[in-house]
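The values are calculated or read from the model by the stated rules, or taken from the named source; none is laboratory data. Predicted, not measured: the structure shown is a model, and the values here were computed from it. All Cβ positions, even for glycine, are placed from backbone atoms using ideal geometry, and neighbour counts span all protein chains on display.
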Amino acid sequence: MARDPHQASTPLPPYFNINPDAAMADLGPTATIAGFAEIAAACARGRDNLADRGLDEIGRKQLRLFSTWEITRYLIPVAQAHFRRVLKQNPDLPQGASDTEGGAKWFSLDEVQRLRAFFAAQGARSKNYRPYRPDGLPAKIVAVANCKGGVGKTSTAAHLAMSAALDGYRVLVIDLDSQGAMTSIFDGRVADEWQTAYPILARHYGEYLRAENQRRMDRGEAPQPLDEALDAALQMRVDDVIQPTHWPGIDLIGAQLNLYRAEFQVPVWRMAARGWKLWDALTDRLAADGVLGRYDIVFIDTPPALGHLTITGLAAADILLVPLGATAAEFEATGRFFDMLHATFRSIEEAENTAARALGRPGMAFEWDAVRAVLTRYDSARQGEMAAMMQAYLGRTLSPHRQDATALIGPSDEQVRAIYEADYRDFNRETYARGRETFDETYAAFKRLLLGLWRREDRAAQEAGAPPEPGPVPDR
């Protein structure tokens, strides 16, 4: 075994034989703020180096191709032989590419979606070539949150978003975490806070302030100032901060460090305008700009703290997913997280309803379609008893599916690519199939919840006499 050059030939306890002069010589220069920037730049260069795998010639990620085997096993419910016959009979359809003459055919995800549309129009009516999606209902907003770090929050949200795209849904991912891990996964490029969700919140506040100023002027009072930043935000739409990703079917509102500015700015806005409802900001703007009609699912990745950005994301959500590990520490931390949610949203409700009663207006109440905890990084050999205990206490709140740990992509803090971005030729088919199985099952449990909620809303709309009829996802 090679010897560590930094290790002494005769190891000694660290408190023996340390020469102060030698220790001083090891110190290097004192640290400054400029040094922080140098360290950050070095880390960025290292991240770029780690991300080289899977990048195209201009340094952007490029989604891999999908083989006939993958398509017929996971994406389109047809037999391989029939799939090949259909391609041969329809030369206008994507024919795929092959590395060798007569070798396996590989298709881009865009081509897979074209093939899916063809089979949906021409194939057997008994098969679901496209995912269920009632017409006329808005996108479902899903917030993934937990104040405990390292629980697999971002990786769970990313895998669900990729699964939904593979399933044929149109997906928008919103990164509200200024660390930008989700943005990195989807290769987002964000220069400053004006390319994040920040201007969405600023515009909502600016519109409130403008309306409030009109009311003040009607009462003969002086208006509150509208600064240049708010005026700029009022000119922006949600579409201005949405960027495509290397995944067809997934768009992104990215994040970067300056998004954290919102945690300081929002309290200032709230102090200046007590009537402004931060918790409505994201939903109102997504709806007003037509975003909820163009996508099927919106995934929100929240910061690991219950700050203003997290409150905004949770309040916008229809579904709240809370990842956690099957350990006593994470169970306890997640319990505290729910306690914080209860206290925070109850205080908002009480304050709003006190004001509503004084003005003779209807009260308000926060409501979510569903809240589910999801076990991640699960090890059945060591955590079975703990998981069973957690299930007994949480009941329906804890999803019965437990997302196993897999060495195929590494732990969440080492992950560079998601399982769906991995090429099974780097392993073998069976290893790949086993590795992705736990993520497929996580998505299946989520999709069951999603479809149940959509069906319930669809039935309620029909019973109220305003259908929308169930239908597949429309063509992109």
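Scanning region 202-228 for residues that are in contact with a Pro (Cβ under 9 Å, 6 or more places away or on another chain), in contact (Cβ under 8 Å) with a residue 24 or more places away in the chain and hydrophobic (A, V, I, L, M, F, W, C) gives a single hit, 209.
Among the residues of region 413-470, those that are farther than 17 Å from residue 403 by Cα, at pLDDT below 85 and in a loop (DSSP other than H, G, I, E, B) comprise 414, 416, 417, 427, 428, 464, 465, 466, 467, 468, 469.
Results for (1) farther than 30 Å from residue 434 by Cβ; (2) under 25 Å from the mean Cα position of the chain (by Cα), shown as yes or no for each residue.
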| site | (1), (2) |
| --- | --- |
| 64 | no, yes |
| 72 | no, no |
| 91 | yes, no |
| 98 | no, no |
| 106 | no, no |
| 118 | yes, no |
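Looking only at region 97-111, residues that are within 18 Å of residue 250 (Cα to Cα) and in contact with a strand residue (DSSP E or B) (Cβ under 6 Å, 6 or more places away or on another chain) come to 1 in all. A single entry from 184, 155 fulfils the requirement of being among the polar types (S, T, N, Q), surrounded by fewer than 22 Cβ atoms within 10 Å (Cβ to Cβ) and either under 27 Å from residue 264 (Cα atoms) or in the same structural domain as residue 374 (by TED's automatic domain parsing) (or both): 184. Considering region 119-198, the qualifying strands (runs of 3 or more DSSP E), each wholly inside and each with 3 or more residues that are at pLDDT below 95, run over 132-134. Note on region 369-383: residues that are farther than 21 Å from residue 148 by Cβ and either surrounded by fewer than 16 Cβ atoms within 10 Å (Cβ to Cβ) or not assigned by TED's automatic domain parsing to the domain that holds residue 448 (or both) amount to 2.
Please verify whether residue 164 is more than 16 Å from residue 295 (Cβ to Cβ), touching an Asp or Glu at 6+ places or on another chain (Cβ under 9 Å) and not basic (Lys, Arg), treating the condition exactly as stated. No, not satisfied. Contact annotation: no residue pair with Cβ atoms under 8 Å, 6 or more positions apart or on different chains, pairs a residue in region 233-251 that is outside the structural domain of residue 167 (by TED's automatic domain parsing) and in contact (Cβ under 8 Å) with a residue 40 or more places away in the chain with a partner that is among the hydroxyl-bearing types (Ser, Thr, Tyr) and surrounded by fewer than 21 Cβ atoms within 10 Å (Cβ to Cβ).
Among the criteria (1) surrounded by fewer than 17 Cβ atoms within 10 Å (Cβ to Cβ); (2) assigned to a loop (DSSP other than H, G, I, E, B); (3) modelled with pLDDT under 90, the one residue 409 does not fulfil is (1).
Is it true that some residue in region 79-92 is acidic (Asp, Glu), outside any loop (DSSP other than H, G, I, E, B) and not assigned by TED's automatic domain parsing to the domain that holds residue 185? No - not one qualifying residue is present in region 79-92.
Evaluate region 264-272: report whether one residue or more is of a type in the set (A, V, I, L, M, F, W, C), assigned to a helix (DSSP H, G or I) and either within 17 Å of the chain's Cα centre (by Cα) or crowded, with 16+ Cβ neighbours inside 10 Å (or both).
yes
This table checks each residue for (1) more than 20 Å from residue 343 (Cα to Cα); (2) in the same structural domain as residue 165 (by TED's automatic domain parsing); (3) out of contact with any helix residue (DSSP H, G or I) (no Cβ under 6 Å at 6 or more places or on another chain).
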position	(1), (2), (3)
260	yes, yes, yes
263	no, yes, no
271	yes, yes, yes
279	no, yes, no
288	yes, yes, yes
292	yes, yes, no
299	yes, yes, no
304	no, yes, yes
314	no, yes, yes
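Report yes if some residue within region 196-207 is of a type in the set (S, T, N, Q) and closer than 23 Å to residue 315 by Cβ; otherwise report no. Scanning region 196-207, I find at least one residue that is of a type in the set (S, T, N, Q) and closer than 23 Å to residue 315 by Cβ, so the answer is yes.
Filter region 199-222 down to residues that are among the acidic types (Asp, Glu) and outside any loop (DSSP other than H, G, I, E, B) and give me whichever is surrounded by the most Cβ atoms within 10 Å (Cβ to Cβ). It would help to see each step written out before you state the result.
As a first pass, look at region 199-222 and keep what is among the acidic types (Asp, Glu): 207, 212, 218, 221.
Now narrow it down to the ones that are outside any loop (DSSP other than H, G, I, E, B): 207, 212, 218.
Values: 207: 18, 212: 16, 218: 8.
Ranking the qualifying residues of region 199-222, first place goes to 207.
For region 93-113, filtering for residues that are in a helix (DSSP H, G or I) and surrounded by fewer than 16 Cβ atoms within 10 Å (Cβ to Cβ) leaves 1.
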